[in-house]
Amino acid sequence: MRPRDVGRARLYEAERLVHRMFDNAGSSRTVEIAGTQLTLPAEARFATVESVRDHVDRVLSMPSVRQRFARAGRPVIVRERRGHRSAEYLRTGSEIPQIAIPSSADGRWALRELVVLHELAHHLDESRDAAHGRGFVVALTDLVTIVLGPEAGFVYRVILGDSGVGGIG
């Protein structure tokens, strides 16, 4: 049993700041954060849940992801989810874990790489911390750094740290 997930709302708010930074970076992709000017990488946007599934499979097969995360070799199912309010990771007893992505037109917000990496970080987090606790935050930040690059990882570390999320900072 994991501890109560008291950091969830704070993490989600910090991630909304990161998403807005990526959304508002403009054509040059240049931003300034913590006194540092950097160029953000392009973030993948997906057209379908099937394209999310392909991306998750590619990420899990990356040698650097496999080296960093023991759970990268374990399968995860990516499936459509009814509704539009949330994407989620489901880890149940003996079944293969699942990432559920909204499939409705109103759920298109979830068809972005940062949301998919968030859900995938749940799969890779082996800690016994709360679902959005320090272990998850470290897994998410490391995954973003590996997949999107050190600039994106820096943005996560600064914003999550400044927000008091998961003991980062």
Of the residues that make up the range 120-132, is at least one assigned to a loop (DSSP other than H, G, I, E, B), open to solvent by 10 Å² or more (accessible area, probe 1.4 Å) and among the hydrophobic types (A, V, I, L, M, F, W, C)? yes
Look at Ile33 and say whether it is within 23 Å of Thr141 (Cβ to Cβ), open to solvent by less than 10 Å² (accessible area, probe 1.4 Å) and not aromatic (Phe, Trp, Tyr). no
Qualifying position, being at positive phi and basic (Lys, Arg), among Arg53, Arg79, Arg29: Arg29
Identify, please: which residue in the range 133-169 is of a type in the set (D, E, K, R) and out of contact with any Ser or Thr (no Cβ under 9 Å at 6 or more places or on another chain) and is, among those, surrounded by the fewest Cβ atoms within 10 Å (Cβ to Cβ)? Asp162
Name the one entry in Glu43, Glu15 that is open to solvent by less than 50 Å² (accessible area, probe 1.4 Å), assigned to a helix (DSSP H, G or I), in contact (Cβ under 8 Å) with a residue 12 or more places away in the chain and more than 25 Å from Gly93 (Cα to Cα). Glu15
In the range 94-109, what count of residues is obtained for those that are part of a strand (DSSP E or B) and open to solvent by less than 10 Å² (accessible area, probe 1.4 Å)? 4
Tell me which of these Leu140 doesn't satisfy, since it passes every other one: (1) touching a His at 6+ places or on another chain (Cβ under 8 Å); (2) more than 18 Å from Leu17 (Cβ to Cβ). (2)
Just one listed residue, out of Arg66, Arg112, Arg85, Arg91, is among the charged types (D, E, K, R), touching a residue at least 60 places away in the same chain (Cβ under 8 Å) and either loosely packed, with under 15 Cβ neighbours inside 10 Å or closer than 24 Å to Thr48 by Cβ (or both), and it is Arg112
Please state which of the following conditions Tyr89 fails to meet, knowing it meets all the rest: (1) of a type outside the set (A, V, I, L, M, F, W, C); (2) outside any strand (DSSP E or B); (3) closer than 18 Å to Leu143 by Cβ. (2)
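The values are calculated or read from the model by the stated rules, or taken from the named source; none is laboratory data. As the structure is a computational prediction, the values presented were derived from the model and not from experiment. When we count neighbours, we look across all protein chains shown, and the Cβ atoms used for this are built from the backbone with ideal geometry, even at glycine. Keep in mind that these areas ignore ligands, DNA and RNA; they rest on the heavy atoms of the full protein, side chains included. Shrake-Rupley method; radii C 1.70, N 1.55, O 1.52, S 1.80 Å.
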